[in-house]
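Readers should treat all values here as calculations from the given coordinates under stated rules, not as data from a laboratory. Everything numeric in this text was worked out from a predicted model, so none of it was measured. Because the Cβ atoms are built from the backbone with ideal geometry, glycine has one as well, and the counts that use them run over all protein chains shown.
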Amino acid sequence: MKQFGSGWVWLAGKPGGEVQIITTPNQDSPISQGLYPIFGNDVWEHAYYLKYNNRRPEYLAAWWNVVNWDEINKRFEAFKSAKSADREPAFASR
């Protein structure tokens with residue numbers, strides 16, 4: 001994990017239809033870069049410090065056990081289908 005300090009790591013969709021892993025500082029999101037957030041992980045210390053102290057890699061390893069894959073799959077499919085229809089995906093799906 002190379003994000004220094006506060007921030008997020010994201011799987012984000014690019015306007016051309018590709019996906020990429022990016023990091024953003026502080027509270028920034030892929031939306032401000034014109035990208036579609038498929039999923040993200042909060043790597044600010046407040047997200048893990050009480051349980052993991054400064055062991056960010058251990059927190060990230062455990063995080064994969066609580067990922068809501070159904071929601072991520074919905075977001076990824078929404079991104080793919082919007083790209084194939086040549087339109088922007090909706091940011092909220094409820």
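Things to note:
- Selection status of residue 42, without any contact (Cβ under 8 Å) to a residue 24 or more places away in the chain and in contact with a Phe, Trp or Tyr (Cβ under 8 Å, 6 or more places away or on another chain): no
- When the strands (runs of 3 or more DSSP E) confined to region 1-70 are screened for residues that are within 26 Å of residue 81 (Cα to Cα), among the β-branched types (Val, Ile, Thr) and touching a strand residue (DSSP E or B) at 6+ places or on another chain (Cβ under 8 Å), those reaching at least 2 such residues are found at 19-25.
- If the condition is being among the aliphatic types (A, V, I, L, M) and loosely packed, with under 11 Cβ neighbours inside 10 Å, then region 38-67 contributes 50, 66.
- In region 17-28, the residues that are within 21 Å of residue 76 (Cβ to Cβ) form no Cβ pair under 6 Å with any partner that is among the aromatic types (Phe, Trp, Tyr) and surrounded by fewer than 16 Cβ atoms within 10 Å (Cβ to Cβ), whether six or more places apart or across chains.
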